[in-house]
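We did not get these values from a lab; they are worked out from the coordinates using the rules stated. Source: prediction; values computed, not measured. As a convention, Cβ positions derive from the backbone with ideal geometry for all residues, glycine included, and neighbour counts pool all protein chains shown.
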């Protein structure tokens, strides 16, 4: 059965304090791994798609990487506006979302 | 470009009542998805349409949930009768691409409370 586990559940950072969010997955035949950002009261917003181990993608202060067992979302010098829930999803036999990591960045 | 529209934004009903949600995807998007997001969890895919055909409804509780996509554009999701455990946010998403779940655009969701 396809599974996705995100850690930590919640993360508090000071503005400028870089860190990483983890997405561990078990899937038979990965066809895609997705990162989304979700603000309170809103639908998820697409960030990245990764397809194969070793792949990396960047957008502003965010960088996503992929290995055969996990993905990391690296946040460099975060700002308060980066505060949100970050969701990871994998597509193997079906699409499965993790529960997300709640990120709070304080100024 | 207008985003995915959903209505209503909020709905409160009693258990055993019926409820319907409406979604208007981004113009030209062939693929439409309905998700259920329970508080503290990630979205769970309920059903995927490609144009007006169902691609995947394996996680849709078909004894009480139904969905249709009218003329390959708008879609409605219905729950009849509702149970307490159906309290959740129902998200609609659309994508211009087929079959890969890539880059979905989500609406704001409908928050359903079942009392």
Check: Cα centroid distance between region A:1-38 and region B:1-37, in Å?
Finding: 27
Notebook entry, point to check: Which whole number gives the average, over all residues in B:101-109, of C-beta atoms from other chains lying within 10 Å of the residue C-beta?
Noted result: 6
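So for B:94, B:66, fewest C-beta neighbours within 10 Å to most, what's the order?
Numbers: B:94 24, B:66 16.
Least to most surrounded, the residues fall as B:66, B:94.
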Notebook entry, point to check: Roughly speaking, what is the stretch gain from residue A:104 to residue A:53, that is 0.36 nm per residue apart minus the C-alpha to C-alpha distance, in nm to one decimal?
Noted result: 15.5 nm
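If I take every Cα pair under 8 Å that is 6 or more residues apart in chain A, average their sequence separation and divide by the length, what percent do I get for the relative contact order?
On the way: 278 pairs, mean separation 40.8, N = 107.
Result for chain A is 38 percent.
So how much slack lies between residue B:39 and residue B:100, counting 0.36 nm per residue of separation and subtracting their Cα-Cα distance, in nm?
Numbers: separation 61, 0.36 × 61 = 21.96 nm, distance 2.62 nm.
Full-extension gain reported as 19.3 nm.
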Note to self: I need the Kirkwood Rh of chain B: take the reciprocal of the average 1/r across all distinct C-alpha pairs and report it in angstrom.
What the structure shows: 14.0
Item checked: For chain A, convex hull of alpha carbons as volume per residue, Å³ -> 86
Note to self: Can you compute the modelled spin-label distance between residue A:7 and residue A:94, with each label point 7 Å from Cα toward Cβ, in nm?
What the structure shows: 2.6
Next item on the list: State, as an integer percentage, the relative contact order of chain B based on alpha-carbon contacts under 8 Å between residues 6 or more apart.
Entry: 37
Next item on the list: For a label point 7 Å from the Cα of residue B:18 along Cα→C-beta, name the residues of region B:52-83 whose backbone N is under 13 Å from it.
Entry: B:64-67, B:77-82
Notebook entry, point to check: Given labels modelled 7 Å from the Cα in the Cβ direction, how far is it in nm from residue B:52 to residue B:115?
Noted result: 3.8
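Please report the antiparallel percentage of DSSP beta bridges with both residues in chain A, rounded to the nearest 5. Let's see the in-between values first.
Values: 38 of 43 bridges.
Percentage antiparallel, nearest 5: 90.
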Checklist line | Alpha carbon centroid spacing (whole Å) that separates region A:47-74 from region B:58-115 | finding: 28
